[in-house]
Amino acid sequence: MTALEAALQYSGRGWSVLPCRDKVPLVRGGVHAATRDLATIERWWHTWAQANVAIACGAPSGIVVIDIDSPAEVTELFNLTTLCASTPNGGRHLYCRYVEGTRNRVFDWGELRSTGLYVVAPPATSREWLNNSVIADVPENLAKIVPEAPTVTSSVPSGSWADAIADHPGGVALAVPNAGAAIPALLRRLDGDGLRITGLQMSQPSLDDVFMKYTGRRIREEAADQLMVMGW
């Protein structure tokens, strides 16, 4: 099965999908751009035919995924009868039914992935479906369905990553409120997605940064336009 065929099949199951290079979204907006629209899906995979298929977890798809990185620590979960896929390094993705309010959670052995997160699905390298079981409920000891409870993503931006990230050679700049609190959650997220960080720098936004955010222009550009209007 090709990636396009898989993406269309998943869309038919009611799952919202997006294309990724390895685990990195290829579309502006990242997981927030995930869709079930067939025309959009076909256009994406005609543009990136080799892209992996990622599935948006939580509300957009009606599923949450138990992401097991260390199977030896949670052998009891392997008795859960639900749709299951293999992951690299012997891990597992257990697909479960989403219930409104189910929160993202991080454990020593992996994660519970819900709204705002995604998983790379078969036919990506080293990933395949291990069964075709009916999707089960999340085990009660893992589910957290208290909407006001803190979540793993509470310290990271809730909007589109593409709106917050500006490309730089060899890295990215991420604008977040309260960066000191956001960094630990951000590092856990990136580590879970297999992305290696070689350096990290935190700084306050400049006046020019703030002006750019709210006007889309640099202060120097605005000043130049004003000079032109005044006839200098």
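Scoring Gln9 on the criteria (1) more than 13 Å from the chain's Cα centre (by Cα); (2) crowded, with 18+ Cβ neighbours inside 10 Å; (3) within 26 Å of Val99 (Cβ to Cβ); (4) not charged (D, E, K, R) leaves a single failure, condition (2). The listed residues are Gly62, Gly58, and the only one of them that is buried (at least 21 other Cβ atoms within 10 Å of the Cβ), of a type in the set (Gly, Ala, Ser) and within 20 Å of Gly116 (Cβ to Cβ) turns out to be Gly58.
Note on region 36-76: among residues that are part of a helix (DSSP H, G or I) and either of a type in the set (A, V, I, L, M, F, W, C) or within 19 Å of the chain's Cα centre (by Cα) (or both), the one that is modelled with the lowest pLDDT is Ala72. Checked against (1) over 22 Å from Arg127 (Cα atoms); (2) buried (at least 20 other Cβ atoms within 10 Å of the Cβ), Ala3 passes all but a single condition, namely (1).
The values are calculated or read from the model by the stated rules, or taken from the named source; none is laboratory data. This structure is a prediction, so every number in the text was calculated from the model and none was measured. Reconstructed Cβ throughout: ideal geometry from the backbone, glycine too, with neighbour counts over all protein chains shown.
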